Amino acid sequence: MAATTPARTPVTTVTTVPALPAPAPLTPLVSPALTGEGYWRPGGNPLPTGYAVYTTLLRPAAGQPECGVAWIDPRAARLALYAGSVEPVGSWPQQSFVGAAQQPALVAAFNAGFKIYSYNTGWYDQGRQAEPLQAGAASLVIYSNGTATVGEWGRDVSMGADVVAVRQNLTLLVDHGAPTPAAQYPADWGAVLGGGSVTWRSALGVTAAGDLVYAGGPGLTPSELADVMVAARAQRAMELDINPEWVSFATFAASGGAVTGTNLLADMYLSPEHYLQPYSRDFFAVFAR
């Protein structure tokens, strides 16, 4: 009798995608720390590799209210600049709100900078300028691959074929991992409603690893906001908008065809849904890759 050759079991090769690690906890600026202060919580829907956005809270100084901090992983998320319905004037590729077709991929959205015409703020999107880009200005630059960075225009960042959008606002608040000297002069960082230097403020920065970090909260001076950004590991950071009506960051999760938003801080003036309906000011949206 001839020998029987055993049937071979097919070999299946399984390719695993490395999971995205959560960022390391932040060191609180105030001791003793509050429970959970500086520890990251995931925001939005989980992706196959993990979460694209994490959030936490930090106090800038003893006796101060908590400031919300968000971390955005560029490996899992891409950034987009949206024009407002009022400014910049004209028609733009992405404008006024995140449409229904894009909402399932939306993981976060946050405010941009000052009113662009009031402050002659450079603004560029997909080949067109609403206001000329200014040398030396703090700039959030979005590239064609969806990644983004923050830097000084003409030094760290400049125009190139891969630049999709640029949003400028004032000068850098943090540079080389430390507050800039200008952070000590409140008058350089926008008009506070009611006067003084303490108000809601927000900022966006980039870490040494290329991750984006956002911070926003009440009762902040420019120098305190800079301290929070440094604690969040920003190497370079720019102030975004200020005052209660304009500081806004929300994460979004999709379930059963509906998209639900959650504010970074419960007492933020605007609801998360304002990013899903016509809005007068420009803003940034964060989408899952």
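The values are calculated or read from the model by the stated rules, or taken from the named source; none is laboratory data. It should be emphasised that the depicted structure is a prediction, and the values quoted were computed from it without experimental measurement. Backbone-built Cβ (ideal geometry, glycine too); neighbour counts: all protein chains shown.
Observations on the model:
- Matching option when the condition is at pLDDT 95 or above and of a type outside the set (A, V, I, L, M), among Gly146, Gly160: Gly160
- Yes/no for Ser271 being surrounded by fewer than 24 Cβ atoms within 10 Å (Cβ to Cβ) and either more than 24 Å from Asn45 (Cβ to Cβ) or at pLDDT below 95 (or both): no
- Test: residue in segment 118-141 that is of a type outside the set (Asp, Glu), within 15 Å of the chain's Cα centre (by Cα) and over 28 Å from Pro42 (Cβ atoms): yes
- Taking the criterion of being modelled with pLDDT of 50 or more and either outside any loop (DSSP other than H, G, I, E, B) or out of contact with any strand residue (DSSP E or B) (no Cβ under 7 Å at 6 or more places or on another chain) (or both), the residues of segment 8-36 that qualify are Pro18, Pro21, Ala24, Pro25, Thr27, Val30, Ser31, Pro32, Ala33, Leu34, Thr35, Gly36.
- Count of segment 142-194 residues, restricted to those that are within 25 Å of Asn243 (Cβ to Cβ) and among the hydroxyl-bearing types (Ser, Thr, Tyr), is 3.
- The conditions of being of a type in the set (S, T, N, Q), free of Cβ contacts under 8 Å to residues at least 40 places away in the same chain and within 22 Å of Arg59 (Cα to Cα) are met by Ser197.
- Note on segment 37-143: enclosed strands (runs of 3 or more DSSP E) holding 2 or more residues that are surrounded by fewer than 18 Cβ atoms within 10 Å (Cβ to Cβ) are 41-43, 128-131.
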